[in-house]
Amino acid sequence: MDKLEEQTKFTKKELQVLYRGFKNECPCGVVNEENFKNIYSQFFPQGDSSMYAHFLFEAFDTNKNGSVSFEDFVFGLSIILRGTINDRLNWAFNLYDLNKDGCITKEEMLDIMKSIYDMMGKYTHPTMIDDAPREHVESFFQKMDQNRDGVVTIDEFIDSCKKDENIMQSMQLFDNVI
């Protein structure tokens with residue numbers, strides 16, 4: 001715990017609370033993708049969160065061994081909840097860059113958007129139109145693809161996000177969680 005306290009932005013007490021919760025859900029100390037999806041689906045009972053949970057699992061499984069340890073989980077959570085704006089934006093970019101080639105394509109963003117719409121469920125208000133994910137992707141690229149080359153790089157992503165007041169406000173929503 002001392003090592004984790006040094007390496008993350010959590011106190012020892014916070015780490016103990018997180019550990020109890022993690023061990024409660026994952027008694028063996030690690031979670032595989034199937035269990036991760038099952039746990040995550042409890043937060044979105046009205047939709048299908050399996051694909052988005054897959055993308056999240058990939059982001060948390062930093063050493064790509066097919067499981068997320070408590071350490072993996074806490075490092076990711078520390079960035080999401082307590083990291084600098086740059087740390088959080090880098091983490092988000094890594095989540096969206098599905099093939100990890102250093103840029104986000106329209107196809108990758110469409111996969112992410114579809115997974116979010118699936119997760120939210122078919123019965124959201126107002127009802128989502130079928131083209132909504134594609135429209136979101138087009139809007140995303142209008143805003144982010146600064147040189148219009150069809151891909152969004154990490155620099156374009158961070159620069160565009162920092163200039164967007166709504167994104168910056170939403171990044172601060174997590175500041176006092178836990």
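Pick out the one residue from ASP101, ASP97 that is closer than 30 Å to GLU6 by Cβ and of a type in the set (Asp, Glu). First the steps, then the outcome.
Values: ASP101 fails: closer than 30 Å to GLU6 by Cβ.
Going through ASP101, ASP97 in turn, just one is closer than 30 Å to GLU6 by Cβ and of a type in the set (Asp, Glu): ASP97.
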Original post:
Residue check, ASP145 against (1) open to solvent by less than 50 Å² (accessible area, probe 1.4 Å); (2) closer than 30 Å to CYS28 by Cα; (3) of a type in the set (D, E, K, R), all met but one. Which one?
Top reply: (2)
Original post:
Hey, any hits in the range 127-141 for a residue that's open to solvent by less than 60 Å² (accessible area, probe 1.4 Å) and farther than 27 Å from GLN46 by Cβ?
Top reply: yes
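Among the residues that make up the range 61-72, is at least one of them touching a residue at least 40 places away in the same chain (Cβ under 8 Å) and open to solvent by less than 50 Å² (accessible area, probe 1.4 Å)? Step through it out loud before you land on a result.
As a first pass, look at the range 61-72 and keep what is touching a residue at least 40 places away in the same chain (Cβ under 8 Å): 69-71.
With the extra rule that they be open to solvent by less than 50 Å² (accessible area, probe 1.4 Å), the set shrinks to 69-70.
There is at least one residue in the range 61-72 that is touching a residue at least 40 places away in the same chain (Cβ under 8 Å) and open to solvent by less than 50 Å² (accessible area, probe 1.4 Å).
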Subject >> Leading residue by the ranking (surrounded by the most Cβ atoms within 10 Å (Cβ to Cβ)) among those in the range 73-91 that are more than 25 Å from LYS23 (Cβ to Cβ) and touching a residue at least 24 places away in the same chain (Cβ under 8 Å) >> reply: LEU89
Original post:
Applying the selection to the range 4-37, what residues are open to solvent by 80 Å² or more (accessible area, probe 1.4 Å) and under 15 Å from PHE73 (Cβ atoms)?
Top reply: GLN7, LYS9, VAL17, TYR19, ARG20, ASN24, GLU25, PRO27, CYS28
Subject >> Failed item, numbered, when GLN146 is tested on (1) assigned to a loop (DSSP other than H, G, I, E, B); (2) in contact with an Asp or Glu (Cβ under 6 Å, 6 or more places away or on another chain); (3) at pLDDT below 95 >> reply: (3)
**OP:** Can you confirm whether the range 61-77 contains a residue that is over 25 Å from MET109 (Cα atoms) and among the polar types (S, T, N, Q)?
**Re:** yes
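The values are calculated or read from the model by the stated rules, or taken from the named source; none is laboratory data. Keep in mind the model is a prediction, meaning the values are calculated, not measured. Cβ coordinates were reconstructed from backbone atoms using ideal geometry, including for glycine residues, and neighbour counts include every protein chain displayed. Only protein heavy atoms, including side chains, enter the accessible area calculation; ligands, DNA and RNA are left aside. Shrake-Rupley method; radii C 1.70, N 1.55, O 1.52, S 1.80 Å.
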